[in-house]
Every structure is written in structure tokens, then in C-alpha cells.
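Contents: one structure, followed by commentary.
The values are calculated or read from the model by the stated rules, or taken from the named source; none is laboratory data. A quick note: this is a predicted structure, and the numbers were derived from the prediction, not measured. Here Cβ is always computed from backbone atoms with ideal geometry, including for glycine, and neighbour counts include all displayed protein chains.
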Amino acid sequence: MNQKKVGSYQKRHLMLTRLEKIMKKSHIDKFNFVYGLSDNYYGQELRPEFTDFFNGKDCRNMMALDVGCGEGRYAIFLASLGATVVAIDGSTVGIEKLSEKAQKKGLKIKAVDVDVADFIFSENIYDIVVAATILDHLPQEHLADTASKIKMALKPDGILYVNVFTVSDPGYEIQQRQGNLPSNDVSDTAECMEHYFQSGELKSLFKDFDILYDYEGLEADLTHGTPHHHGWACLLARKPNPL
Ligand SMILES: C[S@@+](CC[C@H](N)C(=O)[O-])C[C@H]1O[C@@H](n2cnc3c(N)ncnc32)[C@H](O)[C@@H]1O
């Protein structure tokens with residue numbers, strides 16, 4: 001390839017990287033803003049399949065990782081069951097709030113303010129990994145990579161809980177029309193969505209795991225902003241031993 005062409009590709013790559021950084025920053029700014037509005041912006045309630053699975057479990061001696069923990073509702077629940085939790089998020093406000101709550105409640109939570117792409121996932125160390133509405137917030141090129149790192153970070157027989165929003169979410173149609181049609185049926189943080197999952201896509205991303213539970217559906221959300229709906233895909237899965 002001639003030098004001129006290489007130069008123009010490099011320039012384009014640099015411009016895209018800069019654009020990505022600006023978009024990422026504005027998404028994180030939005031989360032910093034909403035987390036400043038109330039004690040628990042998304043409420044304290046967790047998905048029922050998650051609590052049904054973990055309620056009453058003794059998680060002492062377990063290590064958990066909460067990826068994109070936000071204000072930490074999943075991390076707090078697991079730590080309350082005895083787990084030692086590492087909780088990561090790019091929102092400084094979310095992480096500060098979680099650290100304070102953990103300290104007050106005496107919970108073993110290490111809350112880390114970091115971009116998922118920069119976090120070092122150690123191999124085979126977590127008994128539980130939670131990724132609640134984070135994979136859909138990652139640009140496509142980080143999504144598959146983060147899913148692979150999550151798989152690698154779980155111990156064999158470790159439990160994964162992951163959920164994302166799907167193309168049945170009203171936000172998807174708005175994104176397709178590039179925001180032209182205002183709708184009051186859409187989450188106020190929908191602008192931070194990068195990728196709405198197709199039906200079956202989440203399950204297929206973790207097809208090498210043993211699926212314990214999976215669900216897709218459209219549900220009302222009354223926890224924040226104006227009442228709206230979300231298209232959910234939720235998955236509970238076990239890492240096979242050996243993978
Ligand atoms: C919809 S919230 C979910 C929060 C939490 N999991 C929950 O269910 O309450 C998405 C979270 O992902 C975080 N996030 C988005 N992109 C991120 C990135 N690249 N690195 C780290 N965190 C990110 C946001 O700051 C936000 O807290």
C-alpha cells in the first residue's frame with residue numbers, strides 16, 4: 001500500500017478514536033449527572049431471576065465482579081450474602097456513592113473507577129460475574145472483547161449473570177431514526193446505548209456456557225424518569241468445567 005494511503009487510514013483511525021473518546025465521555029457525564037439526582041437512580045430492586053437464584057445462598061469465601069456496577073445495587077446484594085466484590089464503573093459519582101455505602105454497611109466491596117476497556121480481568125478468579133446493562137453500552141469493538149474477558153475471568157463452574165436491552169426496546173427505533181422522533185416511552189439514559197441486542201444474540205454470545213436461565217421480554221420501568229418500557233434479554237449461565 002502506498003504511503004499516502006497508509007497516512008490517510010492512520011488519520012481516519014485517529015479521528016475515529018478521538019470521536020469515540022468524546023462520545024464515551026458524554027455518556028459517562030450523563031451517568032454522573034443522573035446518579036447525582038437521587039440516592040438510587042435505578043432503584044434498589046434487582047431483576048427477579050437474579051434474586052431468585054442467589055437469595056439465601058451463602059457467598060462467604062466467594063469472589064464476585066460487578067462490571068458496570070453504577071451505584072452498585074448488584075454489588076451490595078452479593079456483598080450482603082458474604083461475597084467479596086470488585087465493582088467497576090466509569091462513573092466517578094456512581095463509584096464514590098458505592099464506596100460510601102459499602103463503608104457505612106461494612107461490606108467487602110472494592111469499588112473501582114475505571115473504563116471497562118482499561119480494567120485488567122485476571123484469569124479464573126471470580127465465582128460470580130455480573131454484567132447488568134453494560135454490554136449494550138459498549139461500542140461494538142469492545143463488546144465481544146469484554147464478553148471474552150468476562151468468560152476468562154470466571155472460575156470453572158462460576159456463575160455469570162448478564163442482561164442487556166434488545167431491539168424490542170422503544171429506544172431502538174429512536175436510535176434507528178437518529179433521534180428524530182421524540183417518544184415518552186424511552187429511558188432518559190437511552191442516548192448512552194451503543195448496541196441493542198437482536199433476539200437470541202446474548203444467548204449466542206455465551207453459547208459455550210451452560211445456560212441455567214434465559215429470558216427475553218418487554219417490561220414497564222417505573223424506577224426513573226417518566227414511565228417507559230425496556231426490551232430485556234437476561235441470562236444466568238455457568239462456566240463449563242473445563243471450558
Ligand atoms: C444502565 S447503567 C447500569 C448500572 C448497574 N449495572 C445497574 O444495573 O444498576 C450502565 C452503567 O455502565 C457504565 N458504563 C458505560 N460505559 C462504560 C465503560 N466504557 N466503562 C465503564 N463503565 C461504563 C455507566 O457509567 C453506568 O453506570
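Considering only the range 182-241, state which residues are within 16 Å of the ligand (Cβ to nearest atom), touching a Pro at 6+ places or on another chain (Cβ under 6 Å) and among the acidic types (D, E). Listed by number, the list holds a single entry, E194. Filtering the range 176-223 down to residues that are acidic (D, E) and not in a strand (DSSP E or B), which residue is surrounded by the fewest Cβ atoms within 10 Å (Cβ to Cβ)? Residue satisfying both the conditions and the ranking: D208. The residue that is nearest to the ligand (Cβ to nearest atom), among those in the range 93-114 that are under 15 Å from the mean Cα position of the chain (by Cα) and without any contact (Cβ under 8 Å) to a residue 40 or more places away in the chain, is V114.
Of F121, F165, which residue is touching a Gly at 6+ places or on another chain (Cβ under 9 Å), surrounded by 19 or more Cβ atoms within 10 Å (Cβ to Cβ) and among the hydrophobic types (A, V, I, L, M, F, W, C)? Walk me through how you get there before you give the answer.
On the way: F121 fails: touching a Gly at 6+ places or on another chain (Cβ under 9 Å).
Criteria check complete, one pass: F165.
Filtered by the rule that a residue be free of Cβ contacts under 8 Å to residues at least 60 places away in the same chain and near the ligand (Cβ under 10 Å from one of its atoms), the range 26-37 gives a lone residue, D29.
Would you pick out the residues in the range 140-162 that are crowded, with 18+ Cβ neighbours inside 10 Å, in contact (Cβ under 8 Å) with a residue 60 or more places away in the chain and not hydrophobic (A, V, I, L, M, F, W, C)? Once the filter is applied, which keeps residues that are crowded, with 18+ Cβ neighbours inside 10 Å, in contact (Cβ under 8 Å) with a residue 60 or more places away in the chain and not hydrophobic (A, V, I, L, M, F, W, C), the range 140-162 yields T146, K151, G158, Y161. Scan the range 224-243 for residues that are surrounded by fewer than 15 Cβ atoms within 10 Å (Cβ to Cβ) and either part of a strand (DSSP E or B) or out of contact with any Lys or Arg (no Cβ under 8 Å at 6 or more places or on another chain) (or both) and the total you get is 5. Taking the conditions (1) under 23 Å from L235 (Cβ atoms); (2) more than 14 Å from the ligand (Cβ to nearest atom); (3) touching a Ser or Thr at 6+ places or on another chain (Cβ under 7 Å) in turn, S122 satisfies each one other than (3).
If the condition is being buried (at least 21 other Cβ atoms within 10 Å of the Cβ) and either more than 13 Å from the ligand (Cβ to nearest atom) or aliphatic (A, V, I, L, M) (or both), then the range 74-92 contributes A75, I76, L78, A79, A83, V85, V86, A87, I88. Would you check if E194 is at pLDDT 90 or above and over 26 Å from T146 (Cα atoms)? No, not satisfied.
Only residues that are within 17 Å of the chain's Cα centre (by Cα) and acidic (D, E) were counted in the range 192-243, giving 4.
Looking at E96, E71, E20, which is the one that is crowded, with 18+ Cβ neighbours inside 10 Å and either within 24 Å of S148 (Cβ to Cβ) or at pLDDT 95 or above (or both)? Steps first, answer last, please.
Numbers: E96 fails: crowded, with 18+ Cβ neighbours inside 10 Å; E20 fails: crowded, with 18+ Cβ neighbours inside 10 Å.
Sole residue among the options that is crowded, with 18+ Cβ neighbours inside 10 Å and either within 24 Å of S148 (Cβ to Cβ) or at pLDDT 95 or above (or both): E71.
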